[in-house]
Structures are given as C-alpha cells and as structure tokens.
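The values are calculated or read from the model by the stated rules, or taken from the named source; none is laboratory data. All of these numbers come straight from a predicted model, not from anything done at the bench. Note: accessible area is taken over every heavy atom of the protein model, side chains too, but ligands, DNA and RNA are not part of it. Shrake-Rupley method; radii C 1.70, N 1.55, O 1.52, S 1.80 Å.
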Amino acid sequence: WLALGSRSPALDTMTERDPEPLLSARSLTKCYGDFVAVDRVDVAVEAGECWGLLGPNGAGKTTFLRMVIGNTPPDAGELRVLGYAIPAQARQMRARIGVVPQADNLDPDFTVTENLRTYGTYFGLNGKELGERLDWLLRFASLEAKRDARLRTLSGGMLRRLTLCRALVNEPEMLILDEPTTGLDPQARQLIWQRLRELRATGITLVLTTHNMEEAERLCDRITIMDHGRILDTDHPRRLIRAHIAANVVEVHGPGADTWRERVGRHHASRTELVGDCVFCYADDVTQLVEQLRREPQLDFRERRANLEDVFLKLTGRDLRDG
C-alpha cells in the first residue's frame, strides 16, 4: 500500500516508460445542439503535478471533467488519460484513477468501513490486503474512531474525508477532485489541504476544480482558467498574477470614491476599476496612492497584494453567473 513520503512504484514505472503527459487533450470539443460547451481545448497535465481548472459557472469545467473520466464522449479532438484513448479505453483508465465528486454520493445505509470495503471489491480487493488498505486510509483521514459509525452521525468534513478515502481505495495514479472543500469550515478545509499536499508528495497527480481561489493558489503547480468553453491562460499561480495584475491592489470605498478615482486614482495607478461603490487601483508601487488616500478622511481603503482572484475576475469578468 502507498506509504506517505514515497512514490507509487506503478507511477515510477509508467513515467520512466512513457514521458507523455498523464492527461492530454488536443482540440477537444463538445457541443449540445448549437451550444459549444468545450471549444477546441488543449491541455497537458504532467505526472506528479497538481493542475487546477478554474472558471465561472457555465465555463465548461464539468463537461471537460466528464469527458476526462469517460462519462461524456467528445464530438471532436483527441483525449488520452494515463496513455489510454478516451472514451474507447475509459474502462481500463478508470481502474487507475480516483474521483472525488462535487457532491458526496456515499451509501447512507453502510458504516464508514462498509462504504470503503464495498468499493474496494469493485477493484477485486479483498481479505488481508483490503483490510490493511482500509486501516491506512482511516488513519490518513483521521477517521479511525469513526470506522463503525453510520453516515448520519458524521459531520460534513468527515463525509468529505471519507469520500476522499474511497477515491484512494484502488491506489490511483491520478486523483480528480471536483470542488473538494465547498461548504466546509476552516478546520476541515485545512485538513483536506494538508492531506492533498501529502498525496502529491507521494507522486499522485492531482486534477482539481475549485471556486476557492486561495485553495487553487495554495495547492496548484499550474492553473488553467477557462470561460465560455475556451482556455484563457495557463501558468503557475504567481506567474499568472504577475502577467495579468500589478503587484499591489488598493480597494477604496466611501462617499465620493468614484470622483476621487477620476481626480486622483487614475494618475497613480496602472489600472483602476469601479465596481459598485468600490474603486480597485492596481499598481506595483502604491505609496503615492496611500499618501493621497490618507488626506481623504471620508474614504476607507485597504492595501493588499494582488492575488489569483484578481486574475480570475480580470479574465472572466465580474458579472454574476447563476447555475
């Protein structure tokens, strides 16, 4: 069974034999009638990295992931996962990946251990080997004390950790996580982040979708931002920030913020943006901006470093997307 701090032997053998990306999409396209959900997408996910896919609602992320796991056939393009052609070889591929869906779909009639044991049998695991694997998984997820508990007694964070355990039963080479910490409290979220970093250290490749920009920035080696079915940019989080946003942001709000922007802000920032009653000022050096604002007692302001959310909003816009 996979020990933390070591790489999967299967992964070592595969990467030595096959240097191609673990996930490769070329001109991948999916349409629903006249609507183009995924539009000629090119993606390459390397072995051992954590790759994040970000985008607003309706960007095409879910459709892309459904094609990756073989649940939705593409209309055009080429898709390979772990060296398998998808969807033709999806069954073989699914035996070597783990999936953490957006909504927990555990069996409520089973205990914690029964959920894991039943899932393990789908991969031909049984007996002592399966028992040892489940013991490790429960320790890994800090669920040892809940091994015989019914699901209705578990918190949301425990259920999420159990879903992660289930995805790891078959010792996957790639783990696909669809918004793994949505709705969790800070303690539960931090624990899952820690466990995902530990998994990545073993050599497991992580594919992550999330609306949590802090999560993406903390975990991902590379991030792809997607909207309207197309890829807008891909890079390391800090490089994306440097490429699209100045180093610092000053948020200004209060009576007259919009007129202050025209009178002063534009002259001391590389870019300004009025959103509702708040002015966002972007600059590498905000010293003069801050000095000016201290002379405006009617205005409140906050100075901060630029972050991934700034990039996301610049590339995809600030309009609310429902659904």
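Grab the DSSP H runs of the chain that are 4 residues or longer, score each as -39,500 (n - 2.57), total them, divide by all residues and round the 222 nm result to the nearest 500 deg cm²/dmol.
That comes out to -10000 deg cm²/dmol.
Taking the Cα atoms of region 45-157 alone, what are Rg (to one decimal) and Dmax (as a whole number) in Å?
Looking at region 45-157, its Cα Rg and Dmax stand at 17.0, 49 Å.
I'd like the distance between the alpha-carbon centres of region 106-146 and region 154-178, rounded to an integer number of Å.
The two parts, judged by their Cα centres, are 11 Å apart.
One-quarter of the Cα convex hull surface for region 279-323, in nm²?
Computed as one quarter of the Cα hull surface, the answer is 4.4 nm².
GNM on the chain, C-alpha springs below 10 Å: top fluctuator among 141, 25, 103?
Most flexible of the set in this elastic network: 103.
How much accessible area per residue does the chain have, counting only protein heavy atoms and a probe of 1.4 Å, in square angstrom?
That works out to 47 Å² for each residue.
Hey, any idea what % of region 199-293's accessible area is carbon plus sulfur with a 1.4 Å probe?
It is 45 percent, rounded to a whole number.
log10 I(q)/I(0), Debye, Cα-only region 165-304, no solvent, q = 0.09, 0.11 Å⁻¹?
-0.43, -0.60
With springs connecting C-alpha atoms under 10 Å apart, model the chain as a Gaussian network and identify which of 223, 176, 241 has the largest mean-square fluctuation.
The residue that fluctuates most here is 241.
Among 152, 96, 294, which one shows the highest mean-square fluctuation when the chain is modelled as a Gaussian network with alpha-carbon springs under 10 Å?
294
In whole percent, and with a 1.4 Å probe on the protein chains, what portion of the accessible area of region 75-173 is carbon and sulfur?
Whole-percent figure for carbon plus sulfur exposure: 47.
So what does residue 32 come to for accessible area, using a 1.4 Å probe and Å² rounded to 10?
Using a 1.4 Å probe on the heavy atoms, I get roughly 110 Å².
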